[in-house]
């Protein structure tokens, strides 16, 4: 470890207790959020994830913290109200990862009419308390610069507020905080068997080795694998049906220079977002299509890509074709099947299923949005606390406790930048901003007392240094190139094949030295 890198402890220093209070299967946003909440209430927590943290659906979202404007149309007022309230909570506890974003909604002939949209946005503005975000305003798109990127700009549109989030880093931040509060986080570990008695006996498989853990309570938060875990591992089939839905996204070179996003109404009444992404790109999504098969093998299909290109191409002056796509990704949502025929109409609300069998408690999480993960975790702990002898303190606490690196006021990220450049003057403004937006004040754990770029070790490209990679490996469970380039950062968009290979060799050597 370089002398300027502080020793902050980390997951490798954890020792397993003989009996956990709570075991969680699934290291997506729901599992990580539950682990953090439970650990902060003093429970001994074990979380097992078969891959990397956020390696499934939780890194394949639209990167939004939002109420879900279209859910109003479906009458889901409770979900929208809860999500709108959570926007400001998450901005306050993770100001480096959750940032305000203004959205432009053009009004097009033949689509939802302006009076309906205006009424919906009025409700959206007032359904929950709004302190940090500005209200909706009407735009004259033929004269407003925000209409310039649009082909045949509509006469009017609306601009409203929601938030952007680095989804995978939000998962990791929750897991890091859980670990620092005593939780054991085990990635690349599968629970292959769960035997129920007065406690749960869990058989775990990690890197070809089997071991056993015991827990008084078990939560199945396996996302799109929730049904498979229920049937094959826990052997308690779900009482309700789970519907799997594929959502795809594409990334293309930047379609507009400003920092606003667009919400586009498609001919089939879906909505598609076009978001500024990683400075030089535009993120476009999502689709809604039924999915069958292995969620680990999901990918954006040619039809998904063509659909998203078509919607964007209908709106923007700059043509959007499949040849422009520099990256695509897809995720599988596990939704509680409420009988709706169309995938886009199935509720995104979460459903908690507590089976009534004797023995150690089991709770299953179905559905949910990244926006409401924290409230979901509170609901899980509240439901488990009703079991006699659970020992779970009732007082929720996560609404006011900053996530790691987020211990500065909401909306003040840019004010942190001059301070960082003053302390580490060898950084470029772009490099310092990326570290701030990724780690918040914990960028100090990477930079420490360094006074020159050379102190950070080898640079693999795009200012990704050995010091940062070592930090991610030692304290954020990163083990592969993809862990670093697509989940802990998004530098996979910028590194060449040769640079990625050099990173892989470095990480393999680091793992070899650790062994």
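The values are calculated or read from the model by the stated rules, or taken from the named source; none is laboratory data. Everything numeric in this text was worked out from a predicted model, so none of it was measured. Here the Cβ is made from the backbone with ideal geometry for all residues, glycine too, and neighbour counts use every protein chain on show.
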For segment 322-334, indicate whether the set of residues that are more than 26 Å from residue 65 (Cα to Cα), surrounded by 15 or more Cβ atoms within 10 Å (Cβ to Cβ), modelled with pLDDT of 95 or more and in contact with a helix residue (DSSP H, G or I) (Cβ under 9 Å, 6 or more places away or on another chain) is non-empty. yes
Tally the residues that are on the phi > 0 side of the Ramachandran plot and either modelled with pLDDT under 95 or in the same structural domain as residue 367 (by TED's automatic domain parsing) (or both), restricting the search to segment 55-80. 2
Please verify whether residue 83 is buried (at least 20 other Cβ atoms within 10 Å of the Cβ) and in the same structural domain as residue 22 (by TED's automatic domain parsing), treating the condition exactly as stated. no
Return the residue satisfying two criteria in turn: it lies in segment 118-143 and is free of Cβ contacts under 8 Å to residues at least 12 places away in the same chain and over 18 Å from residue 86 (Cα atoms), and of such residues it is surrounded by the most Cβ atoms within 10 Å (Cβ to Cβ). 119
Report yes if some residue within segment 407-420 is under 30 Å from residue 509 (Cα atoms), at pLDDT 95 or above and surrounded by 20 or more Cβ atoms within 10 Å (Cβ to Cβ); otherwise report no. no
So, residue 310, is that one more than 25 Å from the chain's Cα centre (by Cα), within 30 Å of residue 159 (Cβ to Cβ) and assigned by TED's automatic domain parsing to the domain that holds residue 260 or not? yes
In segment 481-503, which residues are buried (at least 19 other Cβ atoms within 10 Å of the Cβ) and outside any helix (DSSP H, G or I)? 489, 490, 495
Quick one: residue 509 ticks every box in (1) more than 24 Å from the chain's Cα centre (by Cα); (2) surrounded by 15 or more Cβ atoms within 10 Å (Cβ to Cβ) except a single one, so which number is it? (2)
If the Cβ limit is 9 Å and pairs must be 6+ apart or interchain, which residue in segment 196-215 that is assigned by TED's automatic domain parsing to the domain that holds residue 363 and touching a residue at least 60 places away in the same chain (Cβ under 8 Å) pairs with which residue that is loosely packed, with under 14 Cβ neighbours inside 10 Å and in a strand (DSSP E or B)? 202/192; 202/212; 204/192; 204/210; 204/211; 204/212
